[in-house]
Amino acid sequence: MQNSAPLIWNDSLMTGVPEIDEQHRILVHTFNEAAEKLCGETSREVLEAITQDLLGYALYHFETEELLMRDTGYEAEDDADARRHLAEHRDFSTQVLAVRDRLKAGIPIPPHELLVFLNNWLVKHIMHTDMRLAAFILARRSSPT
């Protein structure tokens, strides 16, 4: 596989919510580690380990965001966007589980296909969905109670 360019953490990916940004940094780092591993010969076991690691941390991160949604009243204030956000989390998890099922069934996954999916999802989710949530959280945190 060709060497993929790493996903570079930069200010455009920062939401301004410290706990979200720290977890996003870890997700980007985990993605880059996965990309590095996938540059060489990859076995089914390596792909399974990568998807397990990414899914595990993503689920932890999703729990954090969903707790912030509840704690700040995001669902009550913007139910439609909150539902879309939650649906993106569930869709990501479903897609990664489908990849894992394919691997367990012996159906090969091109490493480049997996990396493109992960990269596109991560950047799109941070840049659009998480930025809307972060703006809401920051506004709530800065308003007097």
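Details
- Our helix-only sum for the chain, with -39,500 (n - 2.57) per DSSP H run of n ≥ 4 divided by its residues, gives a mean residue ellipticity at 222 nm of -24500 deg cm²/dmol.
- Simple spin-label estimate for ALA105 and ARG90 in nanometres, 7 Å along Cα-Cβ: 2.2 nm
- Crossing angle, helix 131-142 versus the chain [Cα axis fit, 0-90 degrees, rounded to tens]: 40 degrees
- Spin-label pair LEU138-SER12: with each label point 7 Å from Cα along the Cα-Cβ axis, the two points sit 1.7 nm from one another.
- Net dipole in debye of the chain [+1 Lys, Arg Cβ; -1 Asp, Glu Cβ; about Cα centre; nearest 20]: 260 debye
- Net +/- balance of residues flanking LEU118 in space, Cβ distance below 12 Å, scoring K and R +1, D and E -1: -2
- If the segment from SER43 to HIS29 were pulled out straight at 0.36 nm per residue, it would be longer than the present Cα-Cα gap by 2.9 nm.
- Structure-derived Cα Rg over 2.2 N^0.38 Å - corresponding label in [x] 0.94; [y] 1.21; [z] 1.12: [z]
Coordinate-derived values only; no laboratory data. Every value quoted in this text rests on a predicted model; they were computed, and no experiment measured them. Counting neighbours? That spans all protein chains shown, and the Cβs are built from the backbone with ideal geometry, glycine included.
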